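Chemist: Following this message is one structure expressed as structure tokens.
The values are calculated or read from the model by the stated rules, or taken from the named source; none is laboratory data. All figures in this text were calculated on a predicted structure; none of them were measured in a lab. All Cβ positions, even for glycine, are placed from backbone atoms using ideal geometry, and neighbour counts span all protein chains on display. Heavy atoms of the whole protein, side chains included, go into the accessibility calculation; ligands, DNA and RNA do not. Shrake-Rupley method; radii C 1.70, N 1.55, O 1.52, S 1.80 Å.
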Amino acid sequence: IFVHVPRVAGTSITRALYGEGCIHHYSMRYYRALDPGFAQSADSFAVLRDPFERFASAYAFVRAGGTGLSRLSDVFLRQTADVVSVDDYLCFLEGHGPLDLDFVMRPQSWFVCDPVTQACLVKNLFVLDEDSGALSAYLEPHKIGALPWINRAPRPPLALTASQRRRIERLYACDFALLESVRRASQSRFGAAAI
């Protein structure tokens, strides 16, 4: 099971695994509800991204109305029509719960964790740009080589103020905690070999 977290190279992985026309942003909870036995026994994985980087990517996606492959829905196009700055976007996010947001705006943890306990429900997590070798090794048995970069949202560098960074840290606190736990687990697994 590949849990596709939006704005984290998921379209590239999905196409490599399943072909075109199979883009879904289901949470691991969805798979567990659909078929608990299969979800429990199946190998599952997801890719995470630094929350600041993902925020910048999602902000560019929203401002552009999507990409050539994936458009922002009409509902969210209307709701974000007045978003012209990072602060506007942050105010929009702060005023809505996860279920009232488009998938690109939801926390990464919403896709891979239990919403109450924040326990990770996915068996294998990789961090984009940090675990490239481990992800390649994981995908190799599925006959997947180098991944193409699909669904990229063009964006200029985004300079965030200290205040904006604090707001992002509050909005995505669970993502920062999740990413830190993945990094710690990776260090404990591979740290001794790297020394």
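Chemist: Restricting to the range 48-70, name every residue that is within 15 Å of His4 (Cβ to Cβ), surrounded by 16 or more Cβ atoms within 10 Å (Cβ to Cβ) and not polar (S, T, N, Q).
Modeler: Leu48, Arg49, Arg54, Ala58, Phe61
Chemist: At pLDDT 95 or above, in a loop (DSSP other than H, G, I, E, B) and surrounded by 13 or more Cβ atoms within 10 Å (Cβ to Cβ): which single residue out of His25, His96 fits that description?
Modeler: Working: His25 fails: at pLDDT 95 or above.
Answer to the selection: His96.
Chemist: Output yes when any residue across the range 150-161 is buried (at least 16 other Cβ atoms within 10 Å of the Cβ) and modelled with pLDDT of 90 or more, and no when none is.
Modeler: yes
Chemist: Kindly list the number of the only condition in (1) buried (at least 20 other Cβ atoms within 10 Å of the Cβ); (2) of a type in the set (Phe, Trp, Tyr); (3) in contact with a strand residue (DSSP E or B) (Cβ under 9 Å, 6 or more places away or on another chain) that fails for Phe45.
Modeler: (1)
Chemist: Which of the residues spanning the range 41-66 are in contact (Cβ under 8 Å) with a residue 40 or more places away in the chain, assigned to a loop (DSSP other than H, G, I, E, B) and more than 17 Å from Tyr172 (Cα to Cα)?
Modeler: Correct list: Ala42, Asp43, Ser44.
Chemist: Also, I was wondering about something else. What number goes with the only condition from (1) crowded, with 18+ Cβ neighbours inside 10 Å; (2) assigned to a loop (DSSP other than H, G, I, E, B); (3) modelled with pLDDT of 90 or more that Ile168 does not pass?
Modeler: (2)
Chemist: From the set of residues in the range 126-145 that are open to solvent by less than 100 Å² (accessible area, probe 1.4 Å) and part of a loop (DSSP other than H, G, I, E, B), which is nearest to Val8 (Cα to Cα)?
Modeler: Leu128
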